[in-house]
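> My questions all concern the structure below.
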Amino acid sequence: MSTTAKPQQNGDTTENKTSHVPSFDQAFTENCIKAFGPKTSPRSREVFSSLFRHIHEFAREVNLTMDEWMAGQELLNRTGEMWANSNHKRNEMHRLSDIFGLESLVDEMAHKSMAETDEVPTSSAILGPFWSPNAPWRELGASIIDSPAPGGLVTLCHGKVIDAVSGEGIPGAVVDFWQASTNGKYDFQDPDNQADNNLRGKFKCDKNGEYHFYCLRPTAYSLPTDGPAGVILNLLDRHPMRPAHIHVMVSLAVQLAVICIQQANIRFSRSREKDTDPAQRKSTPTMTLTLPPTLFSLSRMILLSTSRS
């Protein structure tokens, strides 16, 4: 008996046709979410449902291998070990959040401020791990340099806090400054060379909203590279140098027990690393003016929006 082949349609035969088989169990992620208990709060359910979906989709998208999954676990384990073994001084999780840009993104969403004028308030920046609530009050014109800093240049820092809406100076606004020494370390990282609260100080602006004091000219410094943050920077072929900068927090008592606070990183425009900060920090650019050789002056106007919703 002879048979005749069935004519091909569209260049295909029945034998070559295969139905699409999903590579993964498409119901797995939703089943994980359905396992949440009935007492899960609405916000927790929203956050973790989204987290589960995104992290599962990430693993599927990059086809995450077992070795890569284990390497990620080991990195997080080491992050926790460094925190515990350093008596809570090495916060590598904070640095990883910086490198991924997550902290800056959350800060931007939380503190985005829009004024009713063309003037844009100074961008907020994350508080970071080196702020201290114990910074001493100092008189205008005083120095925050309490310990010698080899190679340091004494700097006159002055500026004005103004209302972004009215353009007027804000008398009584508090500016809280802190910076690293010339060796790239903050006071509590360097107890052998720096006194407590070295290079820290809080000042109350004068009747015109102006402030001035002496500090060190900021210098670039390296993030520690002996921990998980260093591993990630190396994998991404990124340098660990933070640009020269000084931190400032501006606060204002606008009502009883209500404080309006804004943080910023002020970077020096001469810093070569200013556009490639490994910590992904948003910053405020500066204007600089060179005075006699040992005195460097930084002038910056900080705009603090006092409008309230």
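> Take the Cα atoms of segment 28-85, build their convex hull, and give its volume per residue in Å³. Don't skip to the answer; put the middle values down first.
Details: hull volume 6.5 nm³, N = 58.
Measuring per residue, one finds 112 Å³ for the Cα hull of segment 28-85.
> I've got another one for you. Mind ranking 30-39, 188-197 by how tightly packed they are, going by the mean number of other C-beta atoms within 10 angstrom, highest first?
Those peptides, ordered most packed to least, come out 188-197, 30-39.
> Can you tell me how much longer the chain between residue 24 and residue 57 gets when fully stretched, taken as 0.36 nm per residue apart minus their C-alpha distance, in nm with one decimal?
10.8 nm
> Go through 73-86, 210-223, 162-175 and give me the packing order, highest mean Cβ count within 10 Å leading.
Per-residue Cβ counts within 10 Å, averaged per peptide and sorted highest first, yield 210-223, 162-175, 73-86.
Any read-out appearing in this document is the output of simple, stated calculations on the displayed coordinates, not a laboratory observation. Note that the structure is a prediction, hence the values are computed from the model and not measured. We place every Cβ from the backbone using ideal geometry, glycine too, and count neighbours over all the protein chains shown.
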